Amino acid sequence: MKIILKKEVVGLGEAGELVEVKSGYALNYLIPQGFATLGTKSAIKQYEETVRQRAHKEAKLVADAEAKAAKIAATPVKITVKVAETGKLYGAVTAAMVAEALVAAGVEVDKKDVTVPEIKEVGTFEGKVKVYKKIVADVNVEVIAENAE
């Protein structure tokens with residue numbers, strides 16, 4: 001049975017996809033729960049038209065995301081933190097701190113899209129920023145010791 005997903009279903013597809021499932025799964029779970037609609041001829045025709053329109057918009061979004069990813073990769077991220085005499089940080093450098101540094105540098109990112117390893121010492125580290133769906137930008141994070149006076 002063909003259905004059109006209204007919401008993302010793990011292991012099945014994303015919202016707006018046309019998928020083939022067993023009729024019992026569709027009629028007893030997906031459609032009553034509001035996850036999908038029945039794939040009738042008219043619904044499939046409308047879906048195909050929507051896909052054509054969406055493809056054009058998607059191409060522009062991907063191009064914009066790739067440009068943003070290139071800008072993120074080219075933006076140096078320097079974070080100054082307090083350091084103990086042993087060379088270890090007081091606390092850790094978090095994804096939120098990296099996101100704030102990118103925003104201060106003029107690149108709009110959300111902290112939940114930033115992934116960094118556990119940073120607890122001074123040095124250069126590599127993190128990742130999810131820009132759009134499967135487009136991920138690498139970001140170099142340089143952690144600098146704050147001058148103690």
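Only the coordinates and a few stated rules stand behind these numbers; no lab work does. If you're wondering where the values come from, they're calculated on a predicted model, not measured in any experiment. Cβ placement follows ideal geometry from the backbone for every residue including glycine, while neighbour counts extend to all protein chains displayed.
Using every pair of separate Cα atoms, the Kirkwood estimate puts the hydrodynamic radius of the chain at 18.7 angstrom. Packing here is the average count of other Cβ atoms within 10 Å per residue, and on that basis the peptides 60-70, 129-139, highest first, run 129-139, 60-70.
Across all Cα atoms of region 2-62, the radius of gyration (one decimal) and Dmax (whole number) stand at 12.3, 38 Å. Listed values for region 104-112 are Karplus-derived 3J(HN,Hα) couplings in whole Hz (6.51 cos²θ - 1.76 cosθ + 1.60, θ = phi - 60°), namely 5, 7, x, 10, 6, 9, 9, 4, 6, and x replaces Gly and Pro.
Taking every alpha-carbon pair within region 69-145, the share separated by more than 22 Å comes to 19 percent. Treating r as the C-beta distance of Lys45 and Lys134 and R0 as 30 Å, the FRET efficiency rounds to 0.55.
Tilt of helix 41-74 relative to the longest C-alpha principal axis of the chain, in degrees (0 to 90, nearest 10)? That helix lies at roughly 10 degrees to the long axis.
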